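The block underneath contains the structure these notes are about, expressed in structure tokens.
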Amino acid sequence: MEPFVSLNGVVAPMNRVNVDTDQIIPKQFLQRVERTGYGEFLFFNWRYNSDGSDNPDFILNQPGYEGVSVLVAGRNFGSGSSREHAPWALEDYGIKCVIAPSFADIFHNNCFQNGVLPVVLPEETVQKIMEAAEKDPGYKIHVDLQAQRVWDDSEEVVATFDVEPFRRHCLLNGLDDIGLTLEHEAAISSFESGRGKHGGTLTI
């Protein structure tokens, strides 16, 4: 997993509440076994017309929102199923941070496991970011996980956010569950090599 420390990225405003995982990545695209390649299907039903052409009314298809890395949305983002494919699709598209007043719990956890930072901010702050991004396509925001701080260049938006220390440590260092396990690779290898001879208990 790629570490997340900070970014200064273009913001895409998604002024919708209760955006669920089936809207983020529809179920017909879940048959892949890789974690990559989902970006082209992100928000598929909103992004494309029935003939496969781009829907010009959808925010990610509009001028000024190319190369976005921050998505700002309404409350309860990521509701629905527990599929990890939703943060896979966001990350593969290039979105490294989602800002919202609240997230569905499982989606929130899945983001940390897959290198996407979910930032919870007060509704009025989220609305201020949303309005700035709608008014000014190409609007950028700074997100600093080390300092747990969000701001824009004009300093019209300045806010702090909380992240549980263990999750913050893992994301700053690019550690998913596999990465955490591999931090103890030497102890595990030593235990495994001696297990057949002596048995015993692994202590980490």
Q | Sum of side-chain charges, residue 76 neighbourhood, beta-carbon under 12 Å (Lys, Arg +1; Asp, Glu -1) | A | -1
Q: Have a look at 61, 78, 101 and report the one farthest towards the positive end of the charge dipole of segment 1-105, computed about the Cα centre with Cβ charges (Lys/Arg +1, Asp/Glu -1).
A: 101
Q) Around residue 32, with a cut-off of 14 angstrom between Cβ atoms, what is the net charge of the other residues, counting Lys and Arg +1 and Asp and Glu -1? A) -1
(Q) Run the simple label-point estimate for residue 158 and residue 16 please: 7 Å along Cα→C-beta, distance reported in nm. (A) 3.5
Q: Pull up all non-local amide H partners of residue 55: gap of 5 or more, or a different chain, and H-to-H distance under 5 Å with H placed in the peptide plane.
A: 48, 49
Q: Find how many whole Å separate the alpha carbon centroid of segment 121-173 from the alpha carbon centroid of segment 52-120.
A: 14
Q. For segment 147-154, what does the Karplus curve 6.51 cos²θ - 1.76 cosθ + 1.60, with θ = phi - 60°, yield as ³J(HN,Hα) per residue in whole Hz, taken in order and with x for Gly and Pro?
A. 8, 6, 9, 10, 7, 10, 5, 7
Q: Roll a 1.4 Å probe over the protein heavy atoms and report the accessible area of residue 34 in Å², nearest 10.
A: 90
Q.
Please report the net charge: other residues with Cβ closer than 13 Å to the Cβ of residue 20, K and R +1, D and E -1.
A. +3
**Q.** Sequence-separation-based contact order of segment 16-90, relative, with Cα cut under 8 Å and 6+ spacing, percent
**A.** 54
Q. Shape of segment 39-169 from its Cα gyration tensor (a ≥ b ≥ c, root eigenvalues): rounded if a/c is under 1.5, otherwise prolate when a/b > b/c, or oblate?
A. oblate
Q: Give the relative contact order (percent, whole number) for the chain; include only Cα pairs under 8 Å separated by 6+ residues.
A: 25
Q) Which of rounded, prolate, oblate describes segment 4-105, given a ≥ b ≥ c as roots of the alpha-carbon gyration tensor eigenvalues and a/c under 1.5 marking rounded, otherwise prolate only if a/b is larger than b/c? A) rounded
Q. Which value, in Å² rounded to 10, gives the accessible area of residue 169 with a 1.4 Å probe and all protein chains present?
A. 80
**Q.** Under the Karplus curve 6.51 cos²θ - 1.76 cosθ + 1.60, θ = phi - 60°, whole-Hz ³J(HN,Hα) for segment 70-75, x wherever Gly or Pro sits
**A.** 10, 10, 10, 9, x, 5
Q: For n ≥ 4 DSSP H runs only, could you compute -39500 (n - 2.57) per run for the chain, divide by its residues and tell me the 222 nm figure to the nearest 500?
A: -9000 deg cm²/dmol
Q | Sequence of 128, 135 when ordered by accessible area, the most exposed leading, probe 1.4 angstrom | A | 135, 128
Q) Restricting the count to DSSP beta bridges whose residues both fall in the chain, what percent are antiparallel, rounded to a multiple of 5? A) 50
(Q) Tell me the carbon and sulfur percent of the accessible area for the chain, rounded to whole percent, probe radius 1.4 Å. (A) 47
Q.
Using the Karplus curve 6.51 cos²θ - 1.76 cosθ + 1.60 with θ = phi - 60°, what ³J(HN,Hα) values do you get for each residue of segment 43-54, in whole Hz, with x for Gly and Pro?
A. 6, 3, 5, 9, 6, 10, 7, 4, 8, x, 6, 5
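The values are calculated or read from the model by the stated rules, or taken from the named source; none is laboratory data. In this text, all values refer to a predicted model and were calculated from it rather than measured experimentally. Note: ideal-geometry Cβ built from the backbone for every residue, glycine included; neighbour counts use all protein chains shown. Side chains are part of the model used for accessible areas, which takes the heavy atoms of the whole protein and leaves out ligands, DNA and RNA. Shrake-Rupley method; radii C 1.70, N 1.55, O 1.52, S 1.80 Å.
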